[in-house]
Amino acid sequence: MIILVMNAGSSSLKYQLYNMADESVLAQGRVERIGMDDSILTHEPSGGVEVNRVSEILDHNEAVRKVTAMLTHREHGVLKSMDEIKAVGHRVVHGGESFKQSMLVTNEVKKEIRRLFDLAPLHNPPAMMGITAVELNLPNVPQVVVFDTAFHQTMPMESFLYPIPMVLYRRHKIRRYGFHGTSHNYVSRLAAEKLGKPLSELKIVTCHIGNGASCAAILNGKSFDTSMGLTPLEGLMMGTRSGDLDPAIVPFTMNKEELTLNEVNSMLNKHSGLMAISGISSDMREIVAAMEEGDKHAKLAFDMYTYRLRKYIGAYAAGMNGLDAVVFTAGVGENSVAVRKAVCEQLTFLGIELDDERNAERSKEARYITKDGSRVSVLVVPTNEELLIARDTYEIVNNRDGEDGM
Ligand code: ADP
């Protein structure tokens, strides 16, 4: 079965085309600058040459039309006809409390996603535009939505509630939801396989650290706690996001700096984190490079980042009353030897014994970076959110059809 996975942003659309027979990627690409007269479609057939096309793409509908045309293009395409696409899976950021798992798109599901626009005004509307665009361009192809929040719906109340008046939860559903759920789920499963133990018997902390970053406490295979909250701003220090801070800073800063709510919101989301402290970059590669050249601000940013991450791992070990494994994933987690070292070296009290050689290895496979016999194992597990979306889509569409005859 051929499945198209889509991740729609406000002005972008990323896609991957999977052949589920062997889970291989047939092609991938992205449309950027949607809504402009110089939108760019970048398309890469597997094993082929990358193609770039600049043209006016006014909306997501046109973007999907261009993508499907490219997938069936005589020279650069990988399909004979659009009919070969049997299902489309979408990444949707916010599933609120309504969605505890991936769902087949129906009118009710669409209505509910629209109802949740309030909670994720930047993320859910583009996902909906993607769904509508597929309906128009690939009518009758079943669609599945996979939510970033769904995996964390198992969190108990003591993890997900904020200690603020309960009326705010009842009226507006103000609570912690957590994000990157697809990734936390995927890497914890792979880690359990690697550890050779059932997930249902393990206490794992997963650290998804990319541009956005979150930790999750996974107790017996279920999300027990996670660092992001109502929005993806809470928790760890990130590239440009502050993560945890005293909420009183918001009114205090508004008052002292004469800023509006929007300006403070933008400061905390776009001008904080590594970028704000280092004054250099939000990219961990550049922070580490500057630090190695003796830049004091870069070192401070690095130290704050790794210290905050360490505190979360310690807190979650306490929250679960134990720890079997820590998993690093996403851009920083998979690639930064320095971040992993700084975090693990100060967690020896938990029983983590880092192996420097293993930590310095480069590989696309899940692997240990602790010494044999380390009481707590630390693993690097490359994440693959698109594959998990493709798998969920395949399973849901297949079950609906009863058999894999499509
Ligand atoms: P996103 O959160 O946008 O999905 P990724 O998971 O792809 O992001 O992570 C991107 C980030 O990963 C980059 O901004 C960069 O900071 C970091 N990164 C990538 N490669 C390295 C590396 N070799 N060393 C340190 N950090 C890296």
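For this structure, a couple of remarks:
- Sum of side-chain charges, residue 380 neighbourhood, beta-carbon under 13 Å (Lys, Arg +1; Asp, Glu -1): +3
- Contour minus Cα-Cα distance for residue 58 and residue 311 (0.36 nm per residue): 86.5 nm
- Applying D = kT/(6 pi eta Rh) to segment 215-259, where Rh is the Kirkwood radius over alpha-carbon pairs, T corresponds to 37 °C and eta to 0.692 mPa s, the Stokes-Einstein value obtained is 266 µm²/s.
- Built amide H within the under 5 Å cut-off of residue 271, gap 5+: none
- Once the gyration tensor of the Cα atoms in segment 1-100 is diagonalised, the equivalent ellipsoid follows with semi-axes of 21, 20, 11 Å, ordered largest first.
- Restricted to Cα atoms, segment 67-187 shows a radius of gyration and a Dmax of 17.3, 60 angstrom.
- 3J(HN,Hα) couplings calculated from phi for segment 92-97 with the Karplus curve 6.51 cos²θ - 1.76 cosθ + 1.60 (θ = phi - 60°) are, in sequence order, 10, 5, 10, x, x, 8 Hz; Gly and Pro show x.
- Taking the three principal axes of the alpha carbon atoms in segment 232-336, the coordinate ranges are 47, 38, 21 Å, sorted in descending order.
- Maximal additional length on extending the residue 170-residue 101 stretch stands at 22.6 nm, based on 0.36 nm per residue less the C-alpha distance.
- Percentage of interatomic Cα-Cα distances in segment 304-372 larger than 15 Å: 51
- The convex hull built on the alpha-carbon positions of segment 282-406 has an orientation-averaged projected area of 10.8 nm².
- Note on the chain: GNM, Cα springs under 10 Å; of 21, 342, 248, the largest mean-square fluctuation is that of 248.
- Distance between the modelled labels on residue 69 and residue 357, one decimal in nanometres: 5.6 nm (7 Å Cα→Cβ projection).
- Cβ-Cβ FRET estimate between residue 297 and residue 371, R0 fixed at 56 Å, reported to 0.05: 0.95
- Residues residue 348 and residue 122, FRET efficiency given R0 of 41 Å [Cβ-Cβ distance, rounded to 0.05]: 0.50
- Amide H contacts of residue 92 (H built 1.01 Å from N, under 5 Å, at least 5 apart or other chain): 146, 147, 148
- Unit Cα scatterers, Debye sum, segment 186-282: log10 I(q)/I(0) for q = 0.11 Å⁻¹: -0.44
- Residues in segment 188-199 carry Karplus couplings, in order, of 5, 5, 5, 5, 4, 4, 5, 6, x, 10, x, 4 Hz; the curve used is 6.51 cos²θ - 1.76 cosθ + 1.60 with θ = phi - 60°, and Gly or Pro positions show x.
- Folded to 0 to 90 degrees: helix 261-270 orientation relative to the chain principal axis, Cα: 90
- Kirkwood-based Rg to Rh ratio, the chain, C-alpha trace: 0.97
- On full extension, the segment bounded by residue 11 and residue 50 gains 11.9 nm, given 0.36 nm per residue less the C-alpha separation.
Rule-based calculations on the coordinates, nothing more; no lab input. Every value quoted in this text rests on a predicted model; they were computed, and no experiment measured them. Methodologically, a virtual Cβ is constructed for each residue, glycine included, from the backbone with ideal geometry; neighbour enumeration extends over all protein chains shown.
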